[in-house]
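The values are calculated or read from the model by the stated rules, or taken from the named source; none is laboratory data. Bear in mind the structure is a predicted one, so any value in this text is a computation, not a measurement. Note that we place each Cβ from the backbone using ideal geometry, even for glycine, and neighbour counts take in every protein chain shown.
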Amino acid sequence: MEMRKVLAAELEEIMKINEKVVIINADLAKAAGLSGLYSKFPKRCFNVGVAEQNMASIAAGLSSYDFVPFIFTFTPFATRRICDQIAVSICYSKQNVKIFGLDPGITATNNGGTHMSFEDVGIIRSMPQTTIFEPCDEVQLKKSLNQILNYESMIYVRVFRKGNIKIFGENNYDFNLLKADIIKTGNDISIFCSGIMVEEALKAYEILKSKNISAEIIDVHTIKPLDSKTILNSIEKTKKAIVAENHNKFGGLFSAISEFTAENFPIPVKYIAIEDEFGQVGNLDFLKKYYKLTCGNIVEKALSLVN
C-alpha cells in the first residue's frame, strides 16, 4: 500500500479517538491522500491554500490552545519556505506541531528541482527543540503515528508519499521512535541508512555477503536525536562505517554520524549521499543512478573501506 494511504488510514483512526488532532494542508490534500479526512472531519481539517508560512503559524496558534496540528506539504515548502515560522512560532515557543514533508530528496521525481529538497534535514537539525523521523516503509510509518502523536514536541517527518516499499513484517516488528533498528547484524562494517536507502542497503548486504563481507545494517529512522547507544555499539565492533541517505552530504545523517563518531569513537566514515547538487526531473531509478544512490555505490564504498 502507498505510504500516503497508510498515513490517511491511521490518521482517521487517531482522529476518531482524539478530538484534539487537526489537519492542515497547503492545497495538497489530494496529493497527500488526505481528501477523505476532509469530508469525515470537516471541522478539524483545513486547507490554507498555497500559503505554507500561514499554515505553520496557524498550527502554532492551535497548538497553544492544546490542539495537536498535523501539517502537510511538499518537503521544500515544509522546511526552507517556513524556516522562520518553524524556528520562532513552533520551536522557540515549544509548540507541539507535527510537520510532514512529502517526497523528500529524489522521491520528488517528475516534480523536479524546485520540489526536490536535499537540505531539509540540515535545516531542521540545526534548530533546538526538534526531532526528525523518516520511515522506510508502510509498516514503520503505521506503527510510528501513535508515538508521534504522543511525543509532545515538534517533530518533522519525511514521507515518500507514493512509496510502496516493504522492509518490516507488521506482526514481528516492535517499533520505538527513539531507537534505531538493527536489520542485519555484522562484524566487518556498519551501514547506517534511512528512508529509501534502507532498501538499497539491504541489497548491498546480500552482495557483500557473497564476497564474504559481514555488514551490519542499521535503519536510523530517527535522525535527531540519534540513538547513540546503538550506533556506538556497532562502530566499536566494526570500526568503520558508511552512511547512506537521500539528502545532501552536508547537514543530514552523514553529518550527524560523523559528528558523533568524531566525538565518541573516531573511525573512518564514508557516505552515499547527494554531492551538494540541485535536483532535476526524472523517474526514481534514473535519479538513483544519476546521484549514485544505488546498492552498487554502497558496495563500492564498503569494499574500499574493508579492503
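Observations
- Checked against the criteria, residue 90 does not count as within 18 Å of residue 222 (Cβ to Cβ) and either crowded, with 18+ Cβ neighbours inside 10 Å or not aliphatic (A, V, I, L, M) (or both).
- Identity of the residue in region 24-52, of a type outside the set (S, T, N, Q) and part of a strand (DSSP E or B), that ends up surrounded by the fewest Cβ atoms within 10 Å (Cβ to Cβ): 46
- Candidates 296, 251, 279, filtered to the one that is surrounded by 21 or more Cβ atoms within 10 Å (Cβ to Cβ) and not hydrophobic (A, V, I, L, M, F, W, C): 279
- Region 5-16 residues that are under 15 Å from residue 163 (Cβ atoms) and in the same structural domain as residue 30 (by TED's automatic domain parsing), paired with ones that are surrounded by 16 or more Cβ atoms within 10 Å (Cβ to Cβ) and modelled with pLDDT under 95 (beta carbon under 7 Å, 6 or more apart): none
- Restricting 147, 129 to those that are in the same structural domain as residue 94 (by TED's automatic domain parsing) and not in a loop (DSSP other than H, G, I, E, B) reduces the list to 147.
- The numbered conditions (1) over 30 Å from residue 282 (Cβ atoms); (2) surrounded by fewer than 22 Cβ atoms within 10 Å (Cβ to Cβ); (3) touching a helix residue (DSSP H, G or I) at 6+ places or on another chain (Cβ under 9 Å) are all true for residue 58 except (3).
- Once region 128-157 is narrowed to residues that are of a type outside the set (A, V, I, L, M, F, W, C) and within 15 Å of residue 5 (Cα to Cα), the residue that is surrounded by the fewest Cβ atoms within 10 Å (Cβ to Cβ) is 143.
- Scanning region 283-299 for residues that are touching a residue at least 60 places away in the same chain (Cβ under 8 Å) and either among the aliphatic types (A, V, I, L, M) or on the phi > 0 side of the Ramachandran plot (or both) turns up 284, 287, 293, 298, 299.
- Filter result for residue 285 (part of a loop (DSSP other than H, G, I, E, B), of a type in the set (Asp, Glu), surrounded by fewer than 15 Cβ atoms within 10 Å (Cβ to Cβ) and more than 18 Å from the chain's Cα centre (by Cα)): no
- Scanning region 64-86 for residues that are in a helix (DSSP H, G or I) and either free of Cβ contacts under 8 Å to residues at least 12 places away in the same chain or not β-branched (Val, Ile, Thr) (or both) yields a total of 7.
- Residues that are β-branched (Val, Ile, Thr) and under 20 Å from residue 294 (Cα atoms) within region 196-235 comprise 196, 198, 207, 213, 217, 218, 220, listed in sequence order.
- Number of the condition not met by residue 57 [criteria: (1) free of Cβ contacts under 8 Å to residues at least 24 places away in the same chain; (2) farther than 16 Å from residue 148 by Cα; (3) assigned to a helix (DSSP H, G or I)]: (1)
- Of the residues making up region 93-108, those that are outside any loop (DSSP other than H, G, I, E, B) and either surrounded by fewer than 19 Cβ atoms within 10 Å (Cβ to Cβ) or on the phi < 0 side of the Ramachandran plot (or both) are 98, 99, 100, 101, 102, 106, 107, 108.
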